[in-house]
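Each reported figure results from applying straightforward, stated rules to the coordinates on display, with no laboratory input. Source: prediction; values computed, not measured. For neighbour counting, all protein chains shown are included, and Cβ atoms are generated from backbone atoms with ideal geometry for every residue, glycine included.
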Amino acid sequence: MSIQIRPATEADIPQIHAINVHYILNTSLTFLQSPVPKSTLATNFDEISNVRGLPYLVAVEPGTGNPPSYGLYRRAEGVIPGQNDPATAGPSEDVVVGYSYLSPFRGHMLSYAPTVELTLFVHPDHQSRSVGSQLFAAILAKAQDPTTRHGAREVTELGGDGEGTELLDVLAGDDGEGAKIRNILAVMAVDPEGKDGGEALLAWYQKKGFTQSGRMKHIGFKKGRWLDTVYLQYDLQE
């Protein structure tokens, strides 16, 4: 399998959505209970890539034809092939086998601009094939690139009279080009019924250089059981 990592485009959203739906409905890796609309993912993509200037990447098999992600979509949405199938990939369309992006951490507060949160999901049919490792290596390289800047924003009250607010593009960098990334956070759920009691993913992050910064016990409830949340931190200056 030949995998390429490239920037995501809006055309990738249906396949990203299908992968996202799978993890929402079938796992506890996300605390979401219900699938989000594709339009929400498209808005999120635009905010991350175009407004914030943060990396949003996909792992693809180039031009291999009908993407398996549509199979995920059909199973999740009750789509009947040939009747209400939303789309079919052409012979040259890339197959998205994973995606990853960096998003603001507490993005409404400017002081957090140098810290971003990692999201990374791999198509279930392509796990244990180094897709996740390749995606993380690529997103880390983007974070370390001095040209990558977080265009952080803050809502500020004008005039002190309480009459409205304005969204200002306040850039945190001293050179006026946005905030350089210092910290990458990974916030993961620990499912006691998962591999190695839910600790396998934690070990994966630690092998990549993350350190555990905190753990909240029994913080979420999904699929009939209480779940912990672990905060992991990757400091780019250490």
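If I model a spin label as a point 7 Å beyond the Cα along the Cα-Cβ vector, how far apart are those points for D145 and K223 in nm?
The answer from the label model is 3.5 nm.
Between S2 and Y231, what length comes free when the chain is fully extended (0.36 nm per residue of separation minus the Cα-Cα distance, one decimal in nm)? It would help to have the intermediate numbers written out before the result.
On the way: separation 229, 0.36 × 229 = 82.44 nm, distance 3.25 nm.
This chain segment gains 79.2 nm when fully extended.
Just to verify a number: FRET efficiency for K207 and V51, C-beta to C-beta distance, R0 = 25 Å, to 0.05? Write out the running numbers ahead of the final one.
Numbers: r = 33 Å, r/R0 = 1.31.
With a Förster radius of 25 Å, E is 0.15.
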